[in-house]
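Just below is one structure, and these are the notes that go with it.
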Amino acid sequence: MGETLRSWKELPLSALPFKLSTEFKTGDWRTFRPVVDQEKCTRCLLCWVYCPDMSIVWDGQRISVNYDYCKGCGICARECPVKAIEMVKE
Amino acid sequence: MSGKIVFNIRELAKRPPKLLPGHRLCAGCAAPIIAKLALLATDRPTIVVNATGCLEVATTIFPYTSWNVPWIHNAFENAASTASGIEAVIKALKKKGKYKYENVDIIVFAGDGGTYDIGLQSLSGALERGHDFLYILYDNEAYMNTGIQRSGGTPLGAWTTTSPAGRVIPGKTQHKKPIADIAVAHRIPYVATATPAHWMDFMRKVRKGLDVNGPAFIHALSPCDRGWRFDTSETIEVCKLAVDTCYFPLWEFENGEWRLTDRSLAIARNPRLKKPVEEFLKVQGRFKHLFKPENRHLIEEIQRHVDAIWEDLLERTGIK
Amino acid sequence: MSRLKQVLMGLNGDEAVAWAVKQCDVDVVAAYPITPQTIIVEKFSEFVANGEVHTEFVAVESEHSAMSACVGAAAAGGRAFTATAANGLALMWEILYIAASLRLPIVMAVANRALSAPINIHCDHSDSMGARDTGWIQIYVEDAQEAYDSTIQAFKIAEHPDVLLPVMVCLDGFFLSHTLQNVKILPDEAVKKFVGERKIPETMVDYFGKKVPVVLNPDKPLSFGPLDLYDYYFEHKIPQFKAMEKAKDVIREVNEEWFKLTGRKYGDGLIDTYAIEDADVAIVILGSAAGTAKSVAEQLRKNGVKVGVVRIRTFRPFPEEGLVEALKNVKVVGVMDRSGSFGAIGGPVFLETRATFYDKSERPVIVGYIYGLGGRDLSPEMVKKVFDELLEIKRTGKVRRTLSFVGVRE
């Protein structure tokens, strides 16, 4: 990730991690991206339930995809009962 | 009854996740689905113990962590004994009035290697001693973290890198160990099987397992697209086929009583819904060699095995 | 000097350890029976069964689980103790490293016993010497009183913010574990005050933007035991080296504090000496056999023979400075190991002693002796023979053997 590696003096005790993985973007693993058709979407949230990467975002109104982390597995598109998600080549 | 607990997913989905994105599990992996749903099933403070394995490794690559709950990885074979120590110390600190929380849920996540094989002794000891914790086995049916080697959880006929489909030996020559039955044999308050596809059923079971006083064990099927050889998008479908074919029936054992749940209960009531095990096998590359004429008998053997276990389950649950 | 009222009790070494643990407000004892440690957990179970302690006793199904449960208990904020010996310690080996690397101040009594095969329940140091590189502090005690004293001190040393390392209190199996001695026991309150409550250390974690307690805490979630690659693993090891170095001062301080409280001290805490000031030859030794060595030295001294004894109390951290100071005028040193290192040029204590003097311009002749394996007694006659050999080397300047075996049939 191109960041400066710390010296031993700057690390937490007990080798505890000091960053959350949200700082590590896994979106570049993707070859297909899920695209949501908001017209078709019934907000059943099955995509949210099944997403292994916590990349479906529900704001209480509509769903969206967080492409910072989505690895493009396609589970959301496969499981969508109304076919509102399409996998599109990057 | 299992129908009582209801989860409002539209509300739960607004909350910040306890397992964070940015983890480095493979695309389509079932393990993070299992972990996130489990953590969603409880509102109480939670401490997670993770055995060595895919989930542990890929969620805590230093300096990053994906865990928004206190988490500890000790080693491969000792997740249950580590949880024992945590549970015991909380009791002791409570006695002294030195513990802040009334109730803390302790959840273990361990793979099949860490449960069926190297961790079985530590698990059995903790179950016998009766510590109050929930052990969730995410079973991807082989040592996936080290590159798909056979474990006690690998089914008959499956190809792995240490049970290759060779000219003489067609994949693994033994059946899967009945791990959930082993947990039941300890007569602990709660044992269940689950899959992430049957998510509401799974979350209910997690809640029940956490609510009982004493040890609980959930055996969750965790399909691995890399090791089972299927497309990353098929993870949930593979779970559904596992249940629909009765390869992996959904049941719970609660206070001495057996019960089928969710789709498996529906199949028991309407046996025509039961699909041949071939439907489950044929979507996975690890069973490809079984479809050669000379290995066909193994599919029959697997079907016999599945049927026997299913019939037994129907009897135990009082349906037959 | 102490005005404290101490009670004299007839206890064996194991019971003395159990008494110490009882008084140290320990939250979790997780242990598995193994001779010659078993009396510790039996005695402690009685304290639990009689409601004399608040401790949760976890009767685990193996030593591996004993140490694993201690790791969980300590990471969740409690004080944890276990005891083991020989094969039990060997089974724990993997988790010894983890306990130390996670910087968990666990205390463990090791009733030293030989390793199989053949299976043997009697004393030698091959078990704890095998664990010398795990990152644990190791205190080797000479008698039951010191077993009691050191167990109490161990919690204070382990939990010191400059240390945060687990401590092994090593007592010789049977010679100490099962031998009845007079032991002075402090009042509960005095021990409680001396040890204090376990203070949870704090550390800076970026995602909180501040220092947080290093504990499994639902309010401030931390991840213990992550995956480390070649970019950070090495950096994570350096603080363990540093902590072991700092532990030397802490052990010395605790030794002095204990002296003020009880009137008892063990050399400077790291190393103890007998008649070393003007000694021509000396024995370096650990554990209960130091008593035998001293009594033989005393006899020889009466005849005007200038012999001395150095007892290493902490093998980890190794008392390099104290050893150099103690042996600076000694001409010939015999290092006595109760364990061997097959294929090495001598036992572990011998190797470290020799290495300590390598870059010193003035150094004694150093030879090694391996004695007492599998519980073989080290008699005064054997010690006398060693002293005679050392004197012979001093007289002739000739070393016949670098390594000898004491008390074995040829």
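Each Lys or Arg adds one and each Asp or Glu subtracts one; over the other residues with Cβ under 13 Å from the Cβ of residue C:317, this totals -1. Show which aspartates and glutamates lie in cross-link reach of residue A:40 when reach means a straight Cα distance below 12 angstrom and same-chain residues fewer than eight apart are skipped. Of all the aspartates and glutamates, those that pass the test against residue A:40 - Cα under 12 Å, at least 8 places apart if same chain - are A:86. For the range C:260-312, the pair-distance distribution built from all alpha carbon pairs, in bins 5 Å wide starting at 0, is 5, 21, 29, 21, 14, 7, 3, 0 percent.
Exposure proxy shown here: for A:44, B:239, the number of other Cβ atoms within 10 Å sets the order, fewest to most, as A:44, B:239. Mind telling me which of B:119, B:53, B:147 comes out most flexible in a GNM of chain B, alpha-carbon contacts under 10 Å? Most flexible of the set in this elastic network: B:147.
Residue by residue along C:25-32, Cβ atoms of other protein chains within 10 Å of the local Cβ number 4 on average. For residue A:20, the residues 5 or more places off, or on other chains, whose built amide H falls under 5 Å of its own are B:65. The distance separating the Cα centre of the range C:336-388 from that of the range B:186-260 comes to 60 Å.
The modelled label-to-label distance for the pair residue B:229/residue B:167, using points 7 Å beyond Cα in the direction of Cβ, is 1.9 nm. Take the Kirkwood radius over Cα pairs of chain C, plug it into Stokes-Einstein at 37 °C and 0.692 mPa s, and you get 151 µm²/s for translational diffusion.
Amide H to amide H, with H built 1.01 Å from N, residue B:140 comes under 5 Å of B:112, B:222, counting only residues 5 or more places away or on other chains.
Under a 5 Å amide H cut-off, with hydrogens placed 1.01 Å from N, residue B:160 pairs with B:165, B:172 among residues at least 5 apart or on other chains. Applied to the range A:51-57, the Karplus parametrisation 6.51 cos²θ - 1.76 cosθ + 1.60 on θ = phi - 60° returns per-residue 3J(HN,Hα) values of 5, x, 10, 6, 9, 9, 10 Hz, with x for Gly and Pro. Between the residues C:358, C:319, C:343, the greatest Cα displacement towards the positive end of the dipole of the range C:271-406, with unit charges on the Cβ of Lys, Arg, Asp and Glu, is found for C:343.
Rounded to whole numbers, the Karplus 3J(HN,Hα) couplings from phi for the range C:52-66 are 7, 9, 8, 4, 8, 9, 9, 7, 5, 9, 6, 5, 4, 6, 4 Hz, using 6.51 cos²θ - 1.76 cosθ + 1.60 with θ = phi - 60°, and x at Gly and Pro. In chain B, the longest principal axis of the Cα atoms and the axis of helix B:199-211 are about 40 degrees apart. Measuring nothing but how far apart in sequence close Cα pairs (under 8 Å, 6+ apart) lie, relative to its length, the range B:127-205 scores a relative contact order of 20 percent.
Arranged from fewest to most other beta-carbon atoms within 10 Å of their beta carbon, A:89, B:274 become A:89, B:274. Over the range A:25-89, Cα pairs under 8 Å with separation of 6+ residues give a relative contact order of 50 percent. Shape summary: chain B maps onto an equivalent ellipsoid whose semi-axes, from the alpha-carbon gyration tensor, are 31, 22, 19 Å in decreasing order. Of all aspartates and glutamates in the structure, not one lies under 12 Å Cα to Cα from residue B:282 without also being fewer than 8 positions from it along the same chain. The magnitude of the dipole of the range C:286-356, with charges of +1 and -1 set on the Cβ of Lys/Arg and Asp/Glu and taken from the Cα centre, is near 280 debye. For chain A, A:41, A:44, A:51, A:70, A:73, A:80 stand unpaired, since no other cysteine beta carbon lies under 4.7 Å from theirs.
Farthest toward the positive end of the dipole of chain C, out of C:285, C:152, C:18, is the Cα of C:285, where the dipole comes from beta carbon charges about the Cα centre. Compare the Cα positions of C:403, B:264, B:230 along the charge dipole of the protein assembly as shown (+1 at Cβ of Lys, Arg; -1 at Cβ of Asp, Glu; about the Cα centre) and return the one farthest towards the positive end. Result: B:230, furthest along the dipole toward the positive end. Other protein chain C-beta atoms within 10 Å of residue C-beta, averaged over B:28-34: 4.
The phi-based Karplus calculation (6.51 cos²θ - 1.76 cosθ + 1.60; θ = phi - 60°) puts the 3J(HN,Hα) values of the range B:224-234 at 10, 5, 5, x, 8, 6, 9, 5, 4, 7, 8 Hz, whole numbers, x for Gly and Pro.
Both the radius of gyration and Dmax for the protein assembly as shown are 30.4, 105 Å, in that order, over alpha-carbon atoms. Counting only other residues whose beta carbon sits under 15 Å from that of residue A:86, what net charge do I get with K and R as +1, D and E as -1? In short, +2.
Sequence-distant contacts, meaning Cα pairs under 8 Å at least 6 residues apart, place the relative contact order of chain C at 16 percent.
Think of each Lys and Arg Cβ as +1 and each Asp and Glu Cβ as -1; about the Cα centre, that makes the dipole of the range C:271-406 roughly 320 debye. Taking the Cα centre of chain C as origin and assigning +1 to Lys and Arg Cβ atoms and -1 to Asp and Glu Cβ atoms, the resulting dipole is close to 1140 debye. Each residue in C:42, B:252, B:234 was given a count of other beta-carbon atoms within 10 angstrom of its own, and listing them fewest first yields C:42, B:234, B:252. Pairs from the table (C:265/C:302; B:94/C:184; B:36/C:220; A:83/B:274) lying more than 30 angstrom apart at Cα are B:94/C:184.
Between residue C:345 and residue C:392, how high is the FRET efficiency from 1/(1 + (r/R0)^6) when r is the Cβ-Cβ distance and R₀ = 22 Å? Nearest 0.05. It comes to 0.60. The smallest convex shape that holds all Cα atoms of the range A:25-89, its convex hull, gives 70 Å³ per residue. Per residue of B:7-13, other chain Cβ atoms within 10 Å of the residue Cβ number 4 on average.
Laboratory data are not the source of any read-out in this text; all were calculated from the coordinates shown. The structure displayed is predicted, hence computed values, not measured ones. Positions of Cβ are generated from backbone atoms using ideal geometry, with glycine treated the same way; all protein chains shown enter the neighbour counts.
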